[in-house]
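The values are calculated or read from the model by the stated rules, or taken from the named source; none is laboratory data. In this text the structure is predicted, and so the values were computed from the model without any measurement. A quick note on method: Cβ atoms are made from the backbone with ideal geometry, for glycine too, and the neighbour counts reach across all protein chains shown.
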C-alpha cells in the first residue's frame, strides 16, 4: 500500500510479528481440524465393527432357533466369519422359570482371547 502524507510517500506492509501471529493461528486451526478428522475416522470404524458384531450375534441366534437345537446350560465358545473377518463369540445359556424356554446370550469379540467385547445380544429359545 502506498500512503501519501503531505509530500512524503511511504509503503506500509505486514510486520514480521503480524505474519507470525497469522501463521500460528492457521497452524493451530489446522491441527484442531486434523485431530477432529482422525477422531471421526476412528469412531466410524468402531461403529462399523459394532454393527457387524451385532449382525453376527443375530445370525448366531437365528441359526440356533432355526436348527431347533436345545442348547445346554453353560458356556460355549465359537467363531463365525462375516465380511472376510473372523468374529469370536461366547454363548451363555441359562435356565428360565419356564421349563420349555432358555435364555441365550451371545457376546461378540474381534480377538480370540475374547477380552474386548463389541456387543451382546440376549434372546430366548423354546423347545
- Query: Quick one: residue 95 ticks every box in (1) more than 26 Å from residue 127 (Cβ to Cβ); (2) touching a strand residue (DSSP E or B) at 6+ places or on another chain (Cβ under 8 Å) bar one, so which box is it?
  - Reply: (1)
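Quickly run through region 84-100 and pick out the residues that are part of a loop (DSSP other than H, G, I, E, B) and either under 23 Å from residue 111 (Cβ atoms) or touching a helix residue (DSSP H, G or I) at 6+ places or on another chain (Cβ under 8 Å) (or both). If you could, list the steps in order and put the result at the bottom.
We begin by selecting, within region 84-100, every residue part of a loop (DSSP other than H, G, I, E, B); these are 84, 96-100.
Residue satisfying the conditions is 84 alone.
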- residue 103 being in contact with a strand residue (DSSP E or B) (Cβ under 7 Å, 6 or more places away or on another chain), at pLDDT below 90 and not in a loop (DSSP other than H, G, I, E, B): no
